[in-house]
Amino acid sequence: MTSQMRRSSRSVSANIAEAFRKRRYEKAFVAKLSDSEAESAETQVWLDYSLECGYISEMFIRNYFNDYDNIMGKL
């Protein structure tokens with residue numbers, strides 16, 4: 001679970017960087033931002049699983065969910 005969460009969370013910023021590089025090509029730019037949003041949502045799912053399994057506290061989850069909701073809102 002940790003490796004999946006790490007992978008998806010790192011992919012958010014990597015996809016944003018790729019989108020920036022492809023900003024001249026609207027469809028490619030939008031596709032990469034969409035990928036970034038999907039990875040952000042996946043990270044939230046892993047956080048949910050971590051909470052349900054008792055690995056992390058609800059307070060910790062709220063902070064991260066707010067951060068990821070903020071990121072997805074900007075995308």
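The values are calculated or read from the model by the stated rules, or taken from the named source; none is laboratory data. Every value quoted in this text rests on a predicted model; they were computed, and no experiment measured them. Glycine gets a Cβ as well: all are built from the backbone with ideal geometry, and neighbour counts include every protein chain shown. Just so you know, the surface numbers come from the protein's heavy atoms only, side chains and all, with ligands and any DNA or RNA stripped out. Shrake-Rupley method; radii C 1.70, N 1.55, O 1.52, S 1.80 Å.
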Subject >> Qualifying helices (runs of 4 or more DSSP H) (wholly inside the chain; at least 2 residues being touching a Pro at 6+ places or on another chain (Cβ under 6 Å)) >> reply: none
**OP:** Hey, could you check region 11-47 for residues that are charged (D, E, K, R) and in contact (Cβ under 8 Å) with a residue 12 or more places away in the chain and say which is farthest from Met72 (Cα to Cα)?
**Re:** Glu18
Original post:
Mind checking which residues of region 36-48 are farther than 12 Å from Ser13 by Cβ and out of contact with any Ser or Thr (no Cβ under 7 Å at 6 or more places or on another chain)?
Top reply: Glu37, Ala38, Ala41, Gln44, Val45, Leu47, Asp48
**OP:** Mind listing whichever residues of region 49-75 are open to solvent by less than 70 Å² (accessible area, probe 1.4 Å) and touching a helix residue (DSSP H, G or I) at 6+ places or on another chain (Cβ under 9 Å)?
**Re:** Ser50, Leu51, Ile56, Ser57, Ile61, Phe65, Tyr68, Ile71, Met72, Leu75
